[in-house]
1. Might you let me know whether region B:259-279 holds any residue that is touching a strand residue (DSSP E or B) at 6+ places or on another chain (Cβ under 9 Å), in a helix (DSSP H, G or I) and in the same structural domain as residue B:170 (by TED's automatic domain parsing)?
2. Could you grab me the full set of residues in region B:251-289 that are in contact with a helix residue (DSSP H, G or I) (Cβ under 8 Å, 6 or more places away or on another chain) and in contact (Cβ under 8 Å) with a residue 60 or more places away in the chain?
3. Looking at this structure, is residue A:133 modelled with pLDDT under 95 and assigned to a loop (DSSP other than H, G, I, E, B)?
4. Of everything in region A:83-104, what is touching a helix residue (DSSP H, G or I) at 6+ places or on another chain (Cβ under 6 Å), part of a helix (DSSP H, G or I) and either modelled with pLDDT under 90 or farther than 17 Å from residue A:118 by Cα (or both)? Give them in sequence order.
5. Given the structure, is residue A:292 within 24 Å of the chain's Cα centre (by Cα) and crowded, with 16+ Cβ neighbours inside 10 Å?
6. Only one of these is in the same structural domain as residue B:100 (by TED's automatic domain parsing) and in a helix (DSSP H, G or I): B:340, B:247. Name it.
7. I'd like the residue in region A:227-250 that is within 14 Å of chain B (Cβ to nearest Cβ) and touching a helix residue (DSSP H, G or I) at 6+ places or on another chain (Cβ under 9 Å) and, out of all such residues, is nearest to residue A:307 (Cα to Cα).
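The values are calculated or read from the model by the stated rules, or taken from the named source; none is laboratory data. Quick caveat: nothing in here was measured; it's all calculated off a predicted structure. Every residue, glycine among them, receives a Cβ derived from its backbone with ideal geometry; neighbour counts consider all protein chains shown.
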C-alpha cells in the first residue's frame, strides 16, 4: 500500500514512515502549494491552521513515524495544534465486516458535508499493522466522499500494539480539529479491544448491525451493546425491511435491559439503507440531539476530561508494564514462576513478589 | 468486632492482627487441644492437615496480619498447605443486600453437609475494612450452619484495598482446602469491583435475585449478568411465587442474549425459598452438573490456571502502579499535568511521558 502511494508522500519511507498520505480532491489541489521537499514544521503548522489538507497529511505522517528525528517534530506540531483543537464532535463507528461501514460513512459523510460540515474519517485498525491491509486502504469504497473538498480520509496508522495505534489516532484527531474539521468519524473493524479504544476517544458510539434471521443479538461481542449510543440497522430496504423492523424491536428491548447511562441519554435503534441514502438524515438528527443533550447537561465536557485522564493513566500503566516485562531477568523468572504456578508449587502473590524483587 | 471476639483469639491484637477468629462448634471442641499461647508454625500446619479448625483459624489470622513477623510465617504456612490444596469446588455468591444471601448459604451449606461435604464460607467484603462491619460479622445470621462440625465460617479480612482483601481470601482458600474443606462458598456484597474479584477466584458464580414488580433486569450492575453461571431467584414462595416464575422467564431470556461461554455451560435460572428450604436440592444438582461438565471438558483445570495467571499479573501491575504513584515527585507532577490536561495545554501521552521521565 505504501508503495502504491509513494509518489504522494514527500517524506521518505526509509525515515520510518510507513503510512501513505491520503489525498482527497481538495488535498490534490492544495498539494501544488508545497514543494516535493519536506516542508519545515512551522510551514506544516501554519498549513494545518490554514486548513490545508496536504499539510495535515504530512503532519500526520510525521506523527505516525517511528523515526527518532520525527518525534520532536511531532511533539511540536501537536503542541501548536492543541489550542485550536477540541471543537469537533467525535463519532465512533463499529460493526462486523460486511455490515456496510464504508457505505454508511460515505452516505453519512456526504450528508454532513451538504450541511456545511467538514468531515474527517479516521480508523483504528490494529490488524492493518500485521499486513492484512487497512479497511480504508481501498479508497474506491468511499469513492464519492473522497472527492469532496471538505472530506479528509485517513487510514489507520500501523503499529505493533493497539495502544500505539490508538495513541496515533488520538493525536491525529487533534491535528484534524486544528485543520477545521468539525466532525471526526472514527471507524473500527472491532479487532480485539479496538472498540473499547475507539469508545474511549469519541463522544458518540454507533454500532452498525444487519437484520438477520431470528435472534439478532447473538454474536454481538460482550460489552459492545453497552457502549452503543445508537444502534443502526443497515440495509433496511426491499426484502430486508420486515426483518429490520423486527430487529429494531429486539434491539430496543435489549438496550432497555442496561442500566441508565451516565450521559442521561437513552440509546436508540434506527433503520437505514446507506446504499439508497435512506434514513441517514434521521440518524444525523438523533446524533444532533445527543450532542444538544450532553453539551447542555455538561456530560460532553465531563466525558472528554475523563477520557484524557483515562489515556494518561493507560499510557503510564502500559509503559510501566512493558518496561518491567522487557527486563531479561524478569522474562526468565516469569517463565519459572508460571511453571511453578501450574504445578501448584507457589501462589500468584508469592510468584509476583519474587518477580517484583528483581531490580530494573 | 475484634474486641467482642478477643477472648477467642490467642494472637495479640497489638501484633497487627485485626480479625477475630471464628469458632464453629467443631472448632470450640478442638480448641482445647491448643494452649492459649501462640502455637508454632509447624504445629499450626500439622493442625490444619489434621483438619483442626482452631489451627485453621489461627493460621488465617496470621495470613491476615499486617505485622512484619507474621509475613514469613504466613509464607511458610501457605507453602506447606499448597500441595494439599486445590481439591475443592469454589462457588462465588453475590446479590444485593436483602436478597437473602446468609439465609441461602445457611440452607445450601446444610444441604451440602448432609451430603457429607465439608463447607467453608468466606467473604470478600472490602467495606468491612472501613468499619462498616462484615456481612458475616453477625453470626446469628447463620446460626444453624455455625453449629455444624463440618462448617467453617470466616468473615472477610480487613484491608485498605480490594486487592489486599482478595489476596487474603485467596490465600485463605488454600488453607481451607488443605484443612479438608471440599466446598468453598465465597460471598460478596458487591461493593465496587468485588464481584469481579470473587468471580476471578471461584469456579462457579451464582447471582441471587428477588422477583420484583415489572422489569426484573433493571438495577443489575453491568457485567454481573455475564459472569453468572446461574441466577437464583430467592424468596420464591407464597405470594411471591407468581412474580418469581415470571422473573425466571425474563432472566432466561436475558441470559440467552449473551454469547456462549467458554465453559460450554449455559447459565440457568432457578427458583428457591432459602427460608423454607425449597429448591435448594435442585440448585445443588445444577451446580453438580456444571462441575461434571467442566471437569470433563477440561475447562475447570484451564480456568484455574488462567485465574492463577490473572492474579499474578494483577498483583504485579498493581504493585508497579502503586510504587510509581507513591513517589512524591510523581504526585506533584501528576497534579500539574492533570491541570494542563484540563486546560488542553497537553495531551495525555505527552503528560504521561513527562511523568514517566521521573526516576524512582
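1. No, region B:259-279 has no match at all.
2. B:272, B:274, B:275, B:277, B:280, B:281, B:283, B:284
3. Judged against the criteria, residue A:133 is a match.
4. Residue satisfying the conditions is A:102 alone.
5. Here the answer is no, as residue A:292 does not meet what is asked.
6. On inspection, the qualifying residue turns out to be B:247.
7. This residue is A:227.
Yes or no, residue by residue, for (1) surrounded by 18 or more Cβ atoms within 10 Å (Cβ to Cβ); (2) more than 12 Å from chain A (Cβ to nearest Cβ):
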position	(1), (2)
B:256	no, no
B:263	yes, yes
B:301	no, no
B:310	no, no
B:329	no, yes
B:352	yes, no
